[in-house]
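Below: one structure, written as structure tokens.
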Amino acid sequence: MMASSYKDEDGHISVSGSGAPAGAVGDSLRSKKPENTAFKQQRLPAWQPILTAGTVLPAFFIIGLIFIPIGIGLYVTSNNIKEFEIDYTGVDVSSPCFDCSQKLSWNSTRPCTCSITFQLDQPYESNVFMYYGLSNFYQNHRRYVKSRDDSQLNGNEESLRKPSKECEPYGKHSNKPIAPCGAIANSMFNDTLELFYNEPNGTRVQIPLTATGIAWWTDKHVKFRNPGGENGNLTAAFQGTAKPVNWRRPVYELDADPDNNGFINEDFIVWMRTAALPTFRKLYRIIQRRNNLLPTLPRGNYTLEVVYNYPVRSFEGRKRMILSTISWMGGKNPFLGIAYITVGSVCFLLGVVLLIIHHKYGNRTNGADISH
Amino acid sequence: AFVRSVMISCYTSLVLFFIPWAAMHDTVRDDGKDIADYQSFALLTQTCLLIVVSAQVRSRRHHRLWNGNMAQIQFSGRVPPLIICTARNSLNQPNVWLTMFLTCLLCVIPLVAFRFLLIQLRPTITDKVRRNLQINRKEDFLSPAPRRPPARRISTRRSSYAFSHSKGYGDLVTSRKFLRLKRRPSLFTRKNSALVENQPQLYRTITEEAEETQNVDALRD
């Protein structure tokens, strides 16, 4: 026998039963009654804003007046950020990297290099951040995002020998477990970018690039750990594992610096933090400011030397290098400033319109009676 | 009403996705490190969603929407272990807070404006009563002597059953506020009417019938 009771908004309790005798329905009515608690009888204290002209109109005006200066501040800050972007995929025949992009395959042993010259019109002060950007690269594909083993990356010995099933088909290679396993690690970005400043007298000065301090602190010190303990020998710790299929060097040879080698290599960590959108940029290097008097990157001609390892032509992706300064609101993104200005002005206009409507129509029913 | 809900949901969904998307597009933190990664983006969107839904629930007093709220909290718990890391890294960015603030406001303001417009142009009985209560309260401060609003006497002839269908009137009527005539003139000024004594009404006064029809006509347009 099925009897259901429900309570609608007026508080009447209705019971509908099927196949039950009348007497039983009466009994079930008594037993199925919801308890007389505040929660079940919907007597919880509630608050509903009463919208009067005295509250809504000033609120709209205040919101408008607050948002517009915030928006202007954001927009001005964003405009003051200097950014330079250069696409080095080599799609055009005239591009310096065209040859590299045509000849490249995952199996080529000899690296291909190309040089691109560009010019900076403005000097860049303070720390300058160098990013590599990829387009049409879907790091947010679900199967791709899941293809990793976080406990292996955390230094767990057992996961090192037996990677999780999510890593398949990048979990084993020639009967050895892959470290680090998964599609994300396998597709790691491996171009090398170097920056040179062409002095007016013709000499080339290499600009020093800092490779540490580019990953999140929590990633580097909490999430990613090397197996074999803090100061263990990495080569020994990774013995018996294979490198990912598309890598040229194994994971314990990523950097000479022992603090940046193995799973805690910051380029690797930055890559493993999958991007949300198909066009993204990831921090590559930091150009530290030298002193407060000289700009970090003076105006002039520069050369970008690329060791072109990463093939993107097959999925019509693009690669670019971005140089950018930073402010309190992050990189150059005028959207938030424009959005705030727009919303602020719309709010203000809406307030004015509502004020007019309130004056014309709002007082019409004042003093009127409630009869109907 | 269904179409209205659908439209509100569509608009809210679009705002909730595209504003964080545009704010995170090609953006980085204030120390240069990434912020446009999958988990931060999801965190931002989820937080906006929670705040907006809470605001909408409160503004419309729909108790049943608590279920929807619980579902959303469960969904956002799907990346539980490392959400603390992500939250710690992205929630100290003023960019993120500003985006959240903008999204929530952008979802709430149209609703507030629309309701305000409705109150001004097509006030329901509830709104009119509230407005008159407010006017009464204000005028009570100005003139403490009890007034005789002849037009409002019509209301004493209305049965409280009609009012009890709007939310809040059950409490209002049974709280016996009408009988406290010393403090302020209430809606129902007649002391000897059947309504005030909570008796069913059994008669109609003939003299006020002309006023009643006139007011009914006025209200019909």
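Rule-based calculations on the coordinates, nothing more; no lab input. Remember, it's a predicted structure, so these values are computed and weren't measured experimentally. Cβ: placed from backbone, ideal geometry, glycine included. Neighbour counts: every protein chain shown.
Once the Cα atoms are used to define both axes, helix A:334-361 deviates from the longest principal axis of chain A by about 20 degrees. By the count of neighbouring beta-carbon atoms within 10 Å, fewest first, A:PHE335, B:PHE114 end up ordered B:PHE114, A:PHE335. Amide H contacts of A:LYS172 (H built 1.01 Å from N, in plane; Pro and chain starts excluded): A:ILE178 sit under 5 Å, all sequence-distant by 5 or more or on other chains.
When the chymotrypsin sites (Phe, Trp or Tyr not before Pro) in the stretch A:297-331 are filtered for DSSP coil states and for at most 16 other beta-carbon atoms within 10 Å of their beta-carbon, the remaining sites are A:TRP328. If you take the alpha carbon atoms of chain A and fit the smallest convex hull around them, that volume is 315 Å³ per residue. Calculate how steeply helix A:53-80 sits against the longest principal axis of the alpha-carbon atoms of chain A, using the helix alpha-carbon long axis, and give the answer as 0 to 90 degrees to the nearest 10. In chain A, helix A:53-80 runs at an angle near 0 degrees to the longest axis.
Cysteine residues of chain A whose C-beta has no other cysteine C-beta under 4.7 angstrom: A:CYS347.
Between helix A:22-31 and chain A there is an angle of about 60 degrees, using the helix long axis and the longest principal axis of the Cα atoms. Listed values for the stretch A:150-167 are Karplus-derived 3J(HN,Hα) couplings in whole Hz (6.51 cos²θ - 1.76 cosθ + 1.60, θ = phi - 60°), namely 5, 6, 5, 5, 8, x, 5, 5, 5, 6, 5, 7, 10, x, 5, 5, 5, 6, and x replaces Gly and Pro. For the stretch A:264-300 and the stretch B:101-126, compute the distance between their C-alpha centroids and round to whole Å. Centre-to-centre (Cα) distance: 45 Å. Quick check on my link table: of A:LYS146/A:LYS223; A:LYS103/A:LYS162; A:LYS172/A:LYS319; A:LYS103/A:LYS176, which ones sit more than 25 Å apart, alpha carbon to alpha carbon? From the list (A:LYS146/A:LYS223; A:LYS103/A:LYS162; A:LYS172/A:LYS319; A:LYS103/A:LYS176), the Cα-Cα distance tops 25 Å for A:LYS103/A:LYS162; A:LYS172/A:LYS319; A:LYS103/A:LYS176.
Per-residue ellipticity at 222 nm, computed for chain A from helices alone with -39500 (n - 2.57) per DSSP H run of at least four residues, works out to -8000 deg cm²/dmol.
Listing A:ARG290, A:ARG318 from the residue with the fewest other Cβ atoms within 10 Å to the one with the most, what is the order?
Working: A:ARG290 10, A:ARG318 17.
Listing A:ARG290, A:ARG318 from fewest to most nearby Cβ atoms yields A:ARG290, A:ARG318.
Looking at the stretch B:94-142, what % of the alpha carbon pairs are farther apart than 13 Å? Tail of P(r) above 13 Å: 69 percent of Cα pairs. Here the residues A:VAL76, A:VAL56, ranked from fewest to most Cβ neighbours within 10 Å of their Cβ, fall in the order A:VAL76, A:VAL56. Please report how far the C-alpha centroid of the stretch A:307-342 lies from that of the stretch A:57-123, rounded to the nearest whole angstrom. Value for the Cα centre distance between the two parts: 4 Å.
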